[in-house]
Structures are given as C-alpha cells and as structure tokens.
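Report on one structure; see the data block that follows.
Derivation of every value follows stated rules applied to the coordinates shown; laboratory data play no part. Keep in mind that this is a model prediction, so the values were computed, not measured. Don't worry about glycine lacking a Cβ; one is built from the backbone with ideal geometry, like all the others, and counts go over all protein chains shown.
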Amino acid sequence: MDSAMAVDHRLAGVKAMQAATPRPWTSNSTLGTRTDQQRTFGAQDFLGAAPVARRVVEYGCKAGVFTQGDPATSVLYIQKGCVKLTVVNEVGKEAVVAILGPGDFFGEGCLDGQPQRTNTAETIAPSTILVIEKQEMIRRLHADLTLSERFIKHMLSRNTRIEEDLIDQLFNSSEKRLARTLLLLAHFGKQDKPAQMVSYISQEMLAEMIGTTRPRVNLFMNKFRELGFIEYGAKLHGLKINRSLQSVVQQG
C-alpha cells in the first residue's frame, strides 16, 4: 500500500511538471520565444576566433560521428543536417535518445568530466558539424562571459525539450507522440519559417523514437495525410509537415 501511494505521489509530481512546462507547439507567441533562444548562439561565435582546437567536418548520410564508449574529448555543434543519438544497454537493446538538428550542441558531457561517450551519434542526413576540443571550449567559456551565458541558455532550452520528450513518452498517446515528433523534425518552434520538409526519416526510425511499432506509425501517417496534416509521395521527394498538425498535440 505504501509503495502504491509513493508511485501515485511521483506520478502526481510529474503531471504537475507537465502542466507547468512550456510547450513549443501551443501558440505562435511560444514559437517566437523559442526562435529567440535559437538565435542566441551560432557557429560564428567559434568560427570568428583563431582556428585553434576546432574544425568543421562534413558527414554523409548514416555516418558515425562517435560511438558509445569512445573517449569524450570534444563538444560538437550542428551547422547543417541532422544527428540521431542512441544508447545500447548491457543486453544489446538500442533506444533512440534524441534527434538533433541545426543549432544543437551534443557531446557536452565531456565538460563535466565525462571520460567516455554515453551514447552513439550518427547522421541521418548529410551534415556539417563543428568539432570544438574540450579544452578550447572550456577556455572560451571562461574567457567570454557573453558566450558562456548564451551557451548555458541554449543547453537549458535543450534540456527542457528533452524533459518534455520524457513527459510526452509517459503520458501521451502514440498518435500525439508521433505528431509532436514530426513537428520537431520540421523545426516548428525553432524558426520563423519552418523547414516543413522532412526527407531523411523512415517509419522504422519514427517507431523507435516514439516507442511503438511500424504498423502503428503507418496507420497514423495515413490518417494524418487523409486529414491534410501531412503530404508525401514521389513528387514531393520527402514528407511535408503542415502547421495544422499542431491540432493533434493541442487536443486535451
């Protein structure tokens, strides 16, 4: 009985956090807030500096950036493209942790003394990535307070999104989770003019990301297309996400 009450209290706490957490898809004003946060950091903050301990690397689609267990020696910043982060447990089961796009950092755990990568990073589209060596990143953050504040704000914003992902996974239906994932992949909430087109994601990967099966994803995708929320086909060369898809995640 005590255990059940404890679980209820934890769930109540998470639901309260869910209610208090800002949603990037609920209104145009919120979308504008996220856009401002996204503009606070750019690769030029590093590219404009002396070319020491940082480099720009071009990756093709499905290229490995680093592997779980590799030495954690650098922070990475996505200038163009998309990166999938996955983890593998002791029995070999893989899970998708996050899908990151332009303007996102990853690998920042090395700044907190993390000796090895705790996940695997792989591109899911041709990508341009800025690689900043750990000591150079630390030096720049200590030397430039404005840069440090922008970096902290950026990481807090991303952590909020990851927290929302967890809440989404715990409480929302797979249909809502799919809609939210598609909106994030199309950059709704991150730019004034969202990319809208998603050309690098498969139904198998979507199923992994939202914790359901491919047939379920296919069912919802067909439903979204019939309602005009998304468009896809050979002529489009990808998946077009329409703003009306937000109505799915706004449902009570």
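Using a cut-off of under 20 Å, list every residue of the range 236-252 whose amide N is near the label point 7 Å from the Cα of Leu227 along the Cα-to-beta-carbon line. Counting backbone N atoms under 20 Å from the label point, the list is 239-252. In the structure shown, the pairs Lys153/Lys176; Lys176/Lys223; Lys176/Lys235; Lys176/Lys240; Lys93/Lys223; Lys80/Lys134 are assessed against 23 Å; a Cα-Cα span above that value is assigned to Lys153/Lys176; Lys176/Lys235; Lys93/Lys223. Full extension of the segment from Leu111 to Gln68, taken as 0.36 nm per residue of separation minus the current Cα-Cα distance, would add 13.8 nm. Going from the fewest other Cβ atoms within 10 Å to the most, the residues Phe220, Phe229 appear in the order Phe229, Phe220. In angstrom, the C-alpha Rg and Dmax of the range 41-171 are 14.8, 47. The calculated FRET efficiency for Thr146 paired with Val88, based on their beta-carbon distance and R0 = 41 Å, is about 0.60. Between Val56 and Ile138, the simple label model (points 7 Å from Cα in the Cβ direction) yields a spacing of 2.8 nm.
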